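The values are calculated or read from the model by the stated rules, or taken from the named source; none is laboratory data. Not measured: the values here are computed from a predicted model. All Cβ positions, glycine included, derive from the backbone under ideal geometry; neighbour counts span all protein chains shown.
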Amino acid sequence: MHQESAQLLPESQAIRCAPLSTVWVDVAVVAAVTVGAAWVCAAYDVSEWLRRWAAPWERIQLDELPIILVVLAAGLSWFAARRYGDATRELAERRAAERRLAIALAENRRLGQHHVEMQEAERKHLARELHDELGQHLNRIKLEAVGIRDSPQADRDLIAAADSIIESTDHAYTAVGGLIARLRPVALDELGLAAAIEHCAARWRDRSGRTSVSLRIASPLEDIPEAVAITAYRTVQESLTNAAKHSGAGTVSIAIAREEGPSGAILTLQVVDDGRGADLPLPARGLGLVGMRERIAALGGMLDIVSAPDAGFRLSAQIPIRQATGGSSHA
């Protein structure tokens, strides 16, 4: 079973040195060992014993070994001090680089969120234009065709032509309605996130008769910022699309709730299906998961995906609600 997760690094993340208390503990240990060695040497006359032991080796100057060891210890101390200074400078440079990276990630997060908001605003505007402009013109064409068909002066050919116009207009209106629903869920603006997801699940039940879609909303979803609401809706929408197109799932379970976490309120979302699953380490052919990941990461959230071939698919998302409250209107 493979697991894949995506989460932005915290802005304050940096390499941490050992605490000051640990440093003083190390100093105390070294001092204690030194004092203990001095006491042992004084108690057992270690220097005299070494001098007597090294006397027979005077020809190779073995009695100078203590001085050599002192010089070696001084050299090692100098080497350690140099390496410590290099490590300190490297840590400082790395901290500075990580601070710059955190700033860049924060800017990228804000840019991604702004991009998503602009994209949704453009979709909302386009959906409204299609509904108000094209929808009204299609209704007018249909009314004109109905008037021609029901006119007492209409002959058989004219009635057939009017019926053809009405049928084509109904088909175009249905296509425009589907396009509007994909561009912007009407229920999200009018009724809120819970109703929009319920409507989305109901549409998928009707569209795919062999797939059972269950929905569980564990808590009220009121006052959800628009950016969070549209991201949650698009995640559910894309998950259902993947289940219908790729997984061949028989059942799809959706669970969504608002929870209070240590850093504030979060929106939790989980979509599980029993389809054929996917091999996550392999490169993805589509951009659906990439789009979901970018949307959630732009809001400071986390996306976790668990799947394996013939083992189903589980998507879990956690989206902070507080981060998007400032600049977004409520859905």
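Taking segment 162-185 on its own, how many of its residues are more than 30 Å from C200 (Cα to Cα) and surrounded by 15 or more Cβ atoms within 10 Å (Cβ to Cβ)?
Looking only at segment 162-185, we keep the residues that are more than 30 Å from C200 (Cα to Cα), and these are 162-165.
Subsequent filtering for residues that are surrounded by 15 or more Cβ atoms within 10 Å (Cβ to Cβ) retains 162, 165.
Residues meeting the conditions: 2.
What do you reckon, is S21 in the same structural domain as V290 (by TED's automatic domain parsing) and at pLDDT below 75? Steps first, please.
Numbers: in the same structural domain as V290 (by TED's automatic domain parsing): no; at pLDDT below 75: yes.
Considered against the rule, which asks whether it is in the same structural domain as V290 (by TED's automatic domain parsing) and at pLDDT below 75, S21 comes out as no.
Just to confirm my filter: which helices (runs of 4 or more DSSP H) fall fully inside segment 120-206 and include at least 3 residues that are farther than 30 Å from V271 by Cα? Steps first, answer last, please.
Details: elements: 135-149, 156-183, 186-190.
Those helices (runs of 4 or more DSSP H) span 135-149, 156-183.
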For the structure I just gave you, tell me whether A37 is modelled with pLDDT of 80 or more, of a type in the set (G, A, S), outside the structural domain of E107 (by TED's automatic domain parsing) and surrounded by 11 or more Cβ atoms within 10 Å (Cβ to Cβ).
yes
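Taking A154, is it at pLDDT 85 or above, surrounded by 15 or more Cβ atoms within 10 Å (Cβ to Cβ) and hydrophobic (A, V, I, L, M, F, W, C)?
On the way: at pLDDT 85 or above: no; surrounded by 15 or more Cβ atoms within 10 Å (Cβ to Cβ): yes; hydrophobic (A, V, I, L, M, F, W, C): yes.
Answer is no for this residue.
For (1) among the aliphatic types (A, V, I, L, M); (2) buried (at least 17 other Cβ atoms within 10 Å of the Cβ); (3) farther than 25 Å from A297 by Cβ, each residue gets a yes or a no:
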{"site": "A196", "(1), (2), (3)": "yes, yes, no"}
{"site": "P220", "(1), (2), (3)": "no, no, yes"}
{"site": "T231", "(1), (2), (3)": "no, yes, no"}
{"site": "R234", "(1), (2), (3)": "no, yes, no"}
Has segment 97-115 got at least one residue that is surrounded by 14 or more Cβ atoms within 10 Å (Cβ to Cβ) and closer than 30 Å to G178 by Cα?
yes
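Taking P220, is it in a loop (DSSP other than H, G, I, E, B), assigned by TED's automatic domain parsing to the domain that holds P320 and either of a type outside the set (S, T, Y) or touching a Leu at 6+ places or on another chain (Cβ under 9 Å) (or both)? Full working, then the answer.
Values: in a loop (DSSP other than H, G, I, E, B): yes; assigned by TED's automatic domain parsing to the domain that holds P320: yes; either of a type outside the set (S, T, Y) or touching a Leu at 6+ places or on another chain (Cβ under 9 Å) (or both): yes.
Yes.
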Is it true that R89 is surrounded by 10 or more Cβ atoms within 10 Å (Cβ to Cβ) and touching a residue at least 24 places away in the same chain (Cβ under 8 Å)?
no
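One residue is enough: does segment 131-139 have a residue meeting the conditions loosely packed, with under 15 Cβ neighbours inside 10 Å and among the small types (G, A, S)? Step through it out loud before you land on a result.
Step one: of segment 131-139, the residues loosely packed, with under 15 Cβ neighbours inside 10 Å are 132-133, 136-137, 139.
Narrowing the set further to residues that are among the small types (G, A, S) leaves none.
No, that holds for no residue.
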Might you let me know whether segment 214-232 holds any residue that is within 21 Å of V290 (Cα to Cα), modelled with pLDDT of 85 or more and not β-branched (V, I, T)?
yes
Any residue in segment 254-276 that is under 11 Å from S219 (Cα atoms) sitting within a Cβ distance under 7 Å of a residue that is outside any loop (DSSP other than H, G, I, E, B) and of a type in the set (D, E)? List the pairs, counting only those 6 or more apart or interchain.
T268/E259
Please work out if G277 is outside the structural domain of G112 (by TED's automatic domain parsing), at pLDDT below 80, surrounded by 16 or more Cβ atoms within 10 Å (Cβ to Cβ) and touching a Phe, Trp or Tyr at 6+ places or on another chain (Cβ under 6 Å).
yes
